[in-house]
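Q: One structure, pasted below without further comment.
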Amino acid sequence: MGTNGSTVLEPLRQGLPPVDPTAVSGSASCALPARYEAVRGARSFTRSTLTQWGLDERFDDVSLVVSELVTNALRHALPEDSHGSHGSREAHGEQDPPVRLHLMRWSTRLVCAVRDPSEDRPGGCFSPARTEENFDLESGRGLFLVDSYSDSWGWHPLAGRLTGKVVWALFMLQD
């Protein structure tokens with residue numbers, strides 16, 4: 001998960017019921033380039049990780065949510081000139097990739113989290129509580145899918161030396 005995984009996800013842990021640290025089954029993380037083709041790589045990474053964890057049956061729902069979260073990060077959270085190989089931060093020798101996918105599994109839950117450099121609220125005016133109003137919005141409809149296919153989702157800004165935000169989705173697993 002990288003050196004800052006626990007820092008990135010601490011607010012997420014605070015928003016969930018207590019988790020027994022011994023119940024953590026695994027975590028995996030991958031850096032994604034600032035290109036739309038990265039969505040395919042994120043799905044492939046998700047498939048291989050879920051297969052390793054014996055969660056193949058959850059792939060369809062989780063993959064759809066991962067695709068939406070990564071697409072949103074690439075489309076809305078990166079500067080316009082960062083899309084494509086010449087404008088990406090990696091091409092300029094910076095070590096911290098602009099978008100990162102984290103998958104974490106506990107015995108009873110799976111969390112998908114996408115980190116991006118923007119501090120803007122995801123989805124603009126999208127609100128899960130106002131489903132009927134969301135249909136007319138120009139953006140945020142992907143978050144309607146995230147809301148529909150996951151058990152819950154949210155976001156939080158990063159703190160400390162990290163800038164940006166994490167958008168996460170929770171999937172409950174059967175014991």
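The values are calculated or read from the model by the stated rules, or taken from the named source; none is laboratory data. Keep in mind the model is a prediction, meaning the values are calculated, not measured. Cβ placement follows ideal geometry from the backbone for every residue including glycine, while neighbour counts extend to all protein chains displayed. The protein model used for the area step is the full one, side chains on, heavy atoms only, and it has no ligands, DNA or RNA in it. Shrake-Rupley method; radii C 1.70, N 1.55, O 1.52, S 1.80 Å.
Q: Give the ranking of D60, D151 by solvent-accessible surface, highest area first, calculated with a 1.4 Å probe. Each step should come with its number before you reach the end.
A: Numbers: D60 115, D151 95 Å².
My answer, sorted largest first, is D60, D151.
Q: Provide the gained length on full extension for the span S48 to H76, in nm with one decimal, where the gain is 0.36 nm per separating residue minus the Cα-Cα distance.
A: Working: separation 28, 0.36 × 28 = 10.08 nm, distance 2.68 nm.
Result: 7.4 nm gained on full extension.
Q: Please give the contour-minus-distance gain from T163 to R40: 0.36 nm per residue of separation, less the Cα-Cα distance, rounded to one decimal in nm. Let's see the in-between values first.
A: Values: separation 123, 0.36 × 123 = 44.28 nm, distance 2.53 nm.
Answer, rounded to one decimal: 41.8 nm.
Q: At what distance in nm do the modelled label points of S107 and D56 sit from each other, each positioned 7 Å from its Cα along Cα→Cβ?
A: Here the answer is 2.5 nm between the modelled labels.
Q: For the pair S148/Q174, report the inter-label distance in nm, with labels modelled 7 Å from Cα in the Cβ direction.
A: Result: 2.4 nm between the two label points.
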